[in-house]
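Chemist: Below: one structure in structure tokens.
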Amino acid sequence: MNLLNRLSLVRQFILLSGIILFFAVLSAGIFFFSVDRLFKLHFLSESFAKYRESIAEIQQEYRMFILSTHQSEFYETGDDNQTAALFFKCEMSYKIYDEIRNELDNPNEDLLLNLKESNNLIQKFEKNFRILSAGLSKAGTEKIGLTADLYFSGNQVETKIKQTGNFEDIRQIEEVRKLENEYLQGHLNTTAENFLKKSKLILDKYSNFKDSTQQLSVIKMRISDALAQYINNFELLTNIYSQAGLGNKNGIDGTIQKIFEESEHNTGSVSAMLFDDIRQKYKLYSALLLIFGFFIIFFTAILLYWYSSILNKKVRALKKMSLNMASGSLLQLNGIDSADEFGQISQNINKHLASLLNKNQFIRAISELRIDADPEILSNDDQLGISLKYMKENILEKDKKEHSAKQEKEIQDRHVRGLAEFGGILRKNTDKPELLSYELVSNLVKFLDAEVCGIYLLSAESHLVPIATYAYNERKIYEKVILSGEGLVGTCALEKITFYFEDLPEDYIQIISGFGKVKPKTLLLTPLVLNEDVYGVVELASLKGFTKSDIHFLETLGEDIAATLAFMRTRELSAGQMRNSAAGFLKSSYVKNKTKEAE
């Protein structure tokens, strides 16, 4: 492709990109505008449904209020759970009304007027309900309010008339009380009229007491006053129930029922107008969404066509690299030079090929017994790299074990030879205890690479006497005789076990040489035991330390030394030399002099 075609393609690409960008922005604007409008319409319809539901709940709560038996709290304060629930639902309806007003977008005047009238009807209901609930609270029950006053005054009148003994009056007052009960149960106006008619006849009879005696006049006057109060309470109570109009279309209850009917008719009109408006706008916004969908499909098709050509080129490049890998070649190709996922895949393939090349070189190095090379491990998931590293570690571990086994065998062979050499020393010096001791000390220091060595033998008094030493300082040489159980040496003889210490006290021992005084780091004490009999203790100190094989060697040699000392003791006892001694050759004059010299 020549330069002109390249420039033309760039211009076409820029023009196409501009057109696509323009339609993309326009489509996005249409989309967000339409979605926002549709969401608002949805919320508006939901809010109005809640509004109608709240009005229905108010009607239901009001019916329950009328039919239910109220608690004493209502008659004492004029408020209880039911009245509070009604007022709360009224408040909720006001809030929902405000939400609907705020969500309306350019509503027509009829819709606004009907919606406002619906809210006014709820306010009117709340006002009438407050008056009704206040009147019913004032009317009360048999225990509180005007009803209680009516019962109390009626009982007084009935009691006083019964005191007169006039059977006709008693019969009449009982009929009046019966009418009272009937009215309280049904609140019928005819019952109230009969009550007032008969009660006033009785009142007229007792109000006229001019022809009576003084005493009879007083009784009639009291009955007349009580009866007048009784009638007054009844009239007050009937006025309240008449105003309330319960059970008929008159009074406050009738007004509330009309309010509910008007509200239902009004909300129906509002619902019809509102949903008609919603339906028209829904069609508009749906059409806008269709237009948006068309532009999106158009934009997507062009973008996919353009992008698929780029993807096809990159896929072909990746295919070439994968075929190269499938053939087993470790040659790295140029691949895709980009910062996207295809470029990253290309880089990862080349990185993997480089890692395989490194592992191939590592395998060659291992085959040539060059174990200084290390395989490249790309990550914790690089199983091949981890396996190669594990193989190298196994080879090194195997070599280490073989080297360790070889060293162990060499040490064992050395210790066998050493036991043979020390056996020769023990055999050739059985009659020379002093020479035997010093040869043992000097050879032990050389054989175990120690700096300090000493042999303590058990005297007749069960003391441990240093019989031969090597590289001890002067104070240690002339240290006092050690009792059994005293210090480390005495404890070793008493316990009959080997002690090994790697941290000696500062003042325990020092090595005197031409370089000055040096403190050893480790100390080894082994008892000379044969058949549970202790013959002495061997003490070794070193700057380097002792291995387990060295300790085992010294324990084995200690048994041989103990056997030799036992043999020497038996031989000297049979010869009758060095009597009054419990430790074999330690009864010799040499040992006695050495013990005195040490003490």
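The values are calculated or read from the model by the stated rules, or taken from the named source; none is laboratory data. Remember, predicted model here, so these are calculated numbers, not experimental data. Cβ placement follows ideal geometry from the backbone for every residue including glycine, while neighbour counts extend to all protein chains displayed.
Chemist: Given the structure, is Glu451 in contact (Cβ under 8 Å) with a residue 60 or more places away in the chain, farther than 25 Å from Leu573 by Cβ and surrounded by 12 or more Cβ atoms within 10 Å (Cβ to Cβ)? Step through it out loud before you land on a result.
Modeler: Numbers: in contact (Cβ under 8 Å) with a residue 60 or more places away in the chain: yes; farther than 25 Å from Leu573 by Cβ: yes; surrounded by 12 or more Cβ atoms within 10 Å (Cβ to Cβ): yes.
When the stated conditions are applied, Glu451 passes them.
Chemist: Here is a further query. If Lys517 meets every condition in (1) at pLDDT below 85; (2) not polar (S, T, N, Q); (3) not in a strand (DSSP E or B) apart from one, which number is that one?
Modeler: (3)
Chemist: Suppose we filter Ile425, Ile411, Ile467 for residues that are in contact (Cβ under 8 Å) with a residue 60 or more places away in the chain and either assigned by TED's automatic domain parsing to the domain that holds Leu573 or more than 60 Å from the chain's Cα centre (by Cα) (or both); which single one remains?
Modeler: Values: Ile425 fails: in contact (Cβ under 8 Å) with a residue 60 or more places away in the chain; Ile411 fails: either assigned by TED's automatic domain parsing to the domain that holds Leu573 or more than 60 Å from the chain's Cα centre (by Cα) (or both).
Going through Ile425, Ile411, Ile467 in turn, the sole match is Ile467.
Chemist: Here is a check on your reading of the model: is Ile349 over 49 Å from the mean Cα position of the chain (by Cα), surrounded by 15 or more Cβ atoms within 10 Å (Cβ to Cβ) and modelled with pLDDT of 70 or more? Lay out the reasoning, then the answer.
Modeler: On the way: over 49 Å from the mean Cα position of the chain (by Cα): no; surrounded by 15 or more Cβ atoms within 10 Å (Cβ to Cβ): yes; modelled with pLDDT of 70 or more: yes.
Spelling it out, it is not the case that Ile349 is over 49 Å from the mean Cα position of the chain (by Cα), surrounded by 15 or more Cβ atoms within 10 Å (Cβ to Cβ) and modelled with pLDDT of 70 or more.
Chemist: Turning to a different aspect of this structure: Quickly run through the range 443-478 and pick out the residues that are modelled with pLDDT under 85 and at positive phi.
Modeler: Ser462, Ala471, listed by residue number.
Chemist: Hey, among the residues in the range 534-567 that are within 60 Å of the chain's Cα centre (by Cα) and part of a strand (DSSP E or B), which one's farthest from Glu486 (Cα to Cα)? Steps first, answer last, please.
Modeler: In the first step, residues of the range 534-567 are kept if they are within 60 Å of the chain's Cα centre (by Cα); the result is 541-552.
Now drop any that are not part of a strand (DSSP E or B), which leaves 541-542.
On the way: Ala541: 19, Ser542: 22 Å.
Ranking the qualifying residues of the range 534-567, first place goes to Ser542.
Chemist: At pLDDT below 85, of a type in the set (Phe, Trp, Tyr) and in a helix (DSSP H, G or I), is that true of Tyr151? So that I can check it myself, show each step before the final result.
Modeler: Working: at pLDDT below 85: no; of a type in the set (Phe, Trp, Tyr): yes; in a helix (DSSP H, G or I): yes.
Taking the combined requirement at face value, the residue does not satisfy it.
Chemist: Could you list, in sequence order, the residues of the range 67-111 that are farther than 23 Å from Ser54 by Cα, assigned to a helix (DSSP H, G or I) and not hydroxyl-bearing (Ser, Thr, Tyr)?
Modeler: Hits for the range 67-111 are Glu73, Phe74, Glu76, Glu109.
Chemist: Right, here's the next one. Please specify each residue of the range 171-190 satisfying the condition of being crowded, with 19+ Cβ neighbours inside 10 Å and either hydroxyl-bearing (Ser, Thr, Tyr) or not in a helix (DSSP H, G or I) (or both). Break it down stepwise before answering.
Modeler: Here is the first cut: in the range 171-190, the residues crowded, with 19+ Cβ neighbours inside 10 Å are 173, 176, 179-180, 183, 187.
The answer is Tyr183, His187.
Chemist: While we're looking at this one, here's another question. Condition first: of a type in the set (Lys, Arg) and either out of contact with any helix residue (DSSP H, G or I) (no Cβ under 8 Å at 6 or more places or on another chain) or at pLDDT below 70 (or both). Now tell me which residues in the range 23-61 satisfy that.
Modeler: Of the residues in the range 23-61, the ones of a type in the set (Lys, Arg) are 37, 40, 50, 52.
Correct list: Arg37, Lys40.
Chemist: Within the range 526-542, track down each residue that is surrounded by 24 or more Cβ atoms within 10 Å (Cβ to Cβ) and touching an Asp or Glu at 6+ places or on another chain (Cβ under 7 Å).
Modeler: Thr526, Ala541
Chemist: Counting just the residues of the range 430-442 that are among the polar types (S, T, N, Q) and surrounded by fewer than 17 Cβ atoms within 10 Å (Cβ to Cβ), which one comes out modelled with the highest pLDDT?
Modeler: Initial filter on the range 430-442 (among the polar types (S, T, N, Q)): 430, 437, 442.
Add one more test, that the residue is surrounded by fewer than 17 Cβ atoms within 10 Å (Cβ to Cβ), and what stays is 430, 442.
On the way: Thr430: 71, Ser442: 87.
Checking each candidate, the answer is Ser442.
Chemist: Please work out which residue is nearest to the chain's Cα centre (by Cα), limiting yourself to the range 125-147 and to residues that are part of a helix (DSSP H, G or I) and hydroxyl-bearing (Ser, Thr, Tyr).
Modeler: Per the criteria, the residue is Ser133.
Chemist: Looking at Glu572, Glu506, Glu486, Glu597, which is the one that is modelled with pLDDT under 90, of a type in the set (Asp, Glu) and under 60 Å from the mean Cα position of the chain (by Cα)?
Modeler: Glu506
Chemist: Test each condition in (1) crowded, with 16+ Cβ neighbours inside 10 Å; (2) within 60 Å of the chain's Cα centre (by Cα); (3) charged (D, E, K, R) for Lys220 and report the one that comes out false.
Modeler: Going through the list (1) crowded, with 16+ Cβ neighbours inside 10 Å; (2) within 60 Å of the chain's Cα centre (by Cα); (3) charged (D, E, K, R), Lys220 breaks only (2).
Chemist: Please go through the range 377-396 and give me each residue that is aliphatic (A, V, I, L, M) and either outside the structural domain of Ser367 (by TED's automatic domain parsing) or assigned to a helix (DSSP H, G or I) (or both), ordered by number.
Modeler: Let us first name the residues in the range 377-396 that are aliphatic (A, V, I, L, M), namely 377-378, 384, 386, 388, 391, 395-396.
Leu384, Ile386, Leu388, Met391, Ile395, Leu396, listed by residue number.
Chemist: Then there is this: Give just the number: which of (1) modelled with pLDDT of 80 or more; (2) not assigned by TED's automatic domain parsing to the domain that holds Ser574 does Asp399 not satisfy?
Modeler: If we test Asp399 against (1) modelled with pLDDT of 80 or more; (2) not assigned by TED's automatic domain parsing to the domain that holds Ser574, just (1) comes out false.
Chemist: Identify, please: which residue in the range 100-115 is surrounded by fewer than 19 Cβ atoms within 10 Å (Cβ to Cβ) and over 53 Å from the mean Cα position of the chain (by Cα) and is, among those, modelled with the highest pLDDT? Walk me through how you get there before you give the answer.
Modeler: Within the range 100-115, the subset surrounded by fewer than 19 Cβ atoms within 10 Å (Cβ to Cβ) is 101-113.
Those left that are additionally over 53 Å from the mean Cα position of the chain (by Cα): 108-113.
Values: Asn108: 68, Glu109: 73, Asp110: 72, Leu111: 72, Leu112: 75, Leu113: 80.
Ranking the candidates gives Leu113 first.
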